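The values are calculated or read from the model by the stated rules, or taken from the named source; none is laboratory data. The structure presented is a predicted model; accordingly, all values stated were derived computationally and were not measured. Positions of Cβ are backbone-derived with ideal geometry, glycine not excepted, and every protein chain shown enters the neighbour counts. Side chains included, ligands, DNA and RNA excluded: accessible areas come from the protein's heavy atoms. Shrake-Rupley method; radii C 1.70, N 1.55, O 1.52, S 1.80 Å.
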Amino acid sequence: MSIYFVHQFTDALLGNVLSIDTKEPWLTYTEWAAAHGDLVFVRLLGQEVVVINSQHVAEALMDKRSRIYSDRPYLATLEPFGWSVVFAFTGYGDEWRLSRRLFHQTFRPDFALKFRPKQIKRAREMIVNLIDDPQHYHDHFATFSSSVAMSVTYGYQTSPRDDPLVRIVENALAVSLQVMTPERAILLKIFPFLLRLPDWCWGSAIKRDARISTHRMTEMTDLPFQYAQEHMVENLSLSQVSMVSDNLQRMEKLDHASKSIFETALKKVAAAAITGSYETTTSTLMTFALAMVLQPDVQRRAQAEIDLVVGGDRLPTFEDRASLPYVESVLRETLRWHPIGPIGVPHATSSDDIFDGYFIPKGATVISNIWGISRDEKRYPKASSFIPERFLAVNNALTDDDPAKYVFGFGRRACPGRHAADASVWSVIVTMLATVEFSPAKDDQGKVIEFTPRFTTGFTHSPMVFPCNISARSRAHSELVDVFRTGA
Ligand code: HEM
């Protein structure tokens with residue numbers, strides 16, 4: 001790797017690229033932010049990279065100049081690993097516009113309100129599984145995360161446990177998110193021949209990984225889509241909202257060529273909804289669970305608020321949300337404490353720009369250092385601690401500081417699933433707080449099992465499974481969710 005000072009960027013002193021933490025690059029970017037400020041310029045392998053370290057500058061560039069900052073950079077791993085089926089990585093142009101429009105029809109804020117009954121129902125079903133089978137809490141979070149998206153995207157109703165299509169999504173993402181690391185993208189950009197090495201040759205592992213990843217991504221894109229095609233008539237007759245069947249029906253009037261373009265876009269949009277939901281929602285719930293195990297006093301305070309507002313004889317609903325500011329602050333702190341996309345998805349410039357006297361060339365990769373923003377000690381004292389109270393004013397009202405303004409990205413590429421994500425995460429968090437207790441796991445001798453939290457690296461940042469005890473808060477709480485066990 002090489003680095004040199006780009007003469008237009010004179011004031012921005014640069015670190016040594018060799019010192020970039022390739023597994024957790026956001027840590028390096030955050031060190032650079034402390035030393036060099038809100039904008040850092042670097043040249044990596046001939047590629048100009050701009051790292052934005054503050055919400056203010058990210059908004060000034062990506063929101064206010066979104067016409068320039070909405071492209072995506074070339075990622076050498078995308079095509080070989082089968083990820084070009086997801087429109088989140090498509091360049092800024094007509095294909096992306098069509099995809100984004102299709103996505104918006106289903107996931108826009110007013111339409112996403114229709115998912116709420118499903119979100120609450122699925123959250124309650126999940127609690128039954130948590131109580132019955134607490135060790136596999138990660139699997140239950142994952143099933144919940146895909147269930148809402150699978151239902152609104154394909155009209156597919158997942159079974160509460162061991163669903164075959166959920167397994168397919170899980171398998172595809174397990175391999176992809178592990179192998180689609182920034183190091184691999186760089187490696188393939190410099191050594192594209194690695195994909196052509198014969199299988200017996202040293203270095204061909206990347207080719208094998210790419211083959212497996214592509215196979216699983218294709219399976220994940222095609223099988224649920226096929227399901228929606230086969231069940232289109234049935235779903236429409238039951239008035240079930242499904243992005244794919246609604247659009248397939250509209251497409252019937254189109255000529256062959258337009259139909260084919262439209263169908264390809266629709267598949268990509270559906271794949272983006274599933275990949276977009278699965279890992280992000282699951283990781284956020286993992287972060288919440290970790291915080292509850294480490295901070296019993298936070299859990300107790302949130303439970304006390306729910307008990308006071310909701311009472312003990314029913315479960316919380318969205319109508320209670322505005323009356324539960326502490327729960328809201330817990331959600332905000334969960335998003336901030338360990339942002340699940342610490343550098344979001346990189347943007348790229350589609351023309352030259354000048355900002356604050358600096359020249360930013362066309363084709364530059366633009367990274368928003370979401371991690372750095374969330375760890376700004378001036379804004380968040382003791383930033384590495386989980387303190388929901390930082391979002392509450394003296395009168396217990398929520399402050400104006402909402403991490404949702406940066407953890408979902410910026411500008412025209414900002415997460416279009418954020419309204420659905422927010423409601424999904426809230427419904428699970430509030431239902432878990434109302435009904436179950438997270439506590440440290442104990443060994444056979446009754447001693448607390450100590451652990452140091454570990455996190456995944458690569459595209460997303462999520463706590464790995466940790467020792468944890470989950471039980472119903474009381475018999476009464478267990479009975480409240482029993483109704484979802486019997487399906488009554
Ligand atoms: C807590 C949950 C989530 C977080 C923190 C999150 C975060 C993000 C971020 C940081 C980006 C990149 C934004 C940018 O380029 O500036 C993104 C893009 C995207 N997200 Fe999410 N997301 C979440 C949930 C979801 C869900 C539930 C869906 C689907 C229903 C979704 C679908 C997408 C799509 C399709 C894109 C690509 C947008 C584009 O390139 O135009 N996300 N998300």
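Annotations for the structure displayed:
- Top-ranked residue of the range 2-26 - restricted to ones that are crowded, with 16+ Cβ neighbours inside 10 Å and under 26 Å from the mean Cα position of the chain (by Cα), ranked as modelled with the highest pLDDT: Trp26
- Residues located in the range 390-424, provided they are surrounded by fewer than 21 Cβ atoms within 10 Å (Cβ to Cβ), assigned to a helix (DSSP H, G or I) and away from the ligand (no atom under 16 Å from the Cβ): Arg390
- Residue match in the range 291-298 (condition: under 23 Å from Leu398 (Cβ atoms), within 16 Å of the ligand (Cβ to nearest atom) and either part of a helix (DSSP H, G or I) or basic (Lys, Arg) (or both)): yes
- Failed criterion for Glu79 (all others in (1) open to solvent by 30 Å² or more (accessible area, probe 1.4 Å); (2) free of Cβ contacts under 8 Å to residues at least 40 places away in the same chain; (3) assigned to a helix (DSSP H, G or I) hold): (3)
- Residue within the range 91-107 that is open to solvent by 20 Å² or more (accessible area, probe 1.4 Å), at pLDDT below 95, within 15 Å of the ligand (Cβ to nearest atom) and farther than 26 Å from Ile343 by Cα present: yes
- Among residues of the range 76-90 being of a type in the set (A, V, I, L, M) and either within 11 Å of the ligand (Cβ to nearest atom) or touching a Pro at 6+ places or on another chain (Cβ under 9 Å) (or both), the one that is farthest from Gly411 (Cα to Cα) is Ala76.
Here is a yes/no grid of residues against (1) at pLDDT 95 or above; (2) on the phi > 0 side of the Ramachandran plot; (3) open to solvent by 40 Å² or more (accessible area, probe 1.4 Å):
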{"position": "Leu248", "(1), (2), (3)": "no, no, no"}
{"position": "His256", "(1), (2), (3)": "no, no, yes"}
{"position": "Ala265", "(1), (2), (3)": "no, no, no"}
{"position": "Tyr278", "(1), (2), (3)": "no, no, no"}
{"position": "Arg301", "(1), (2), (3)": "yes, no, yes"}
{"position": "Ala304", "(1), (2), (3)": "yes, no, yes"}
{"position": "Ala322", "(1), (2), (3)": "yes, no, yes"}
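- Close pairs from the range 391-402: first of a type in the set (Phe, Trp, Tyr), partner not in a strand (DSSP E or B), Cβ under 8 Å, at least 6 apart: Phe391/Glu328; Phe391/Ser329; Phe391/Arg332; Phe391/Glu333; Phe391/Thr399; Phe391/Asp401; Phe391/Asp402
- Residues of the range 118-134 classified as surrounded by fewer than 18 Cβ atoms within 10 Å (Cβ to Cβ) and touching a strand residue (DSSP E or B) at 6+ places or on another chain (Cβ under 9 Å), total: 1
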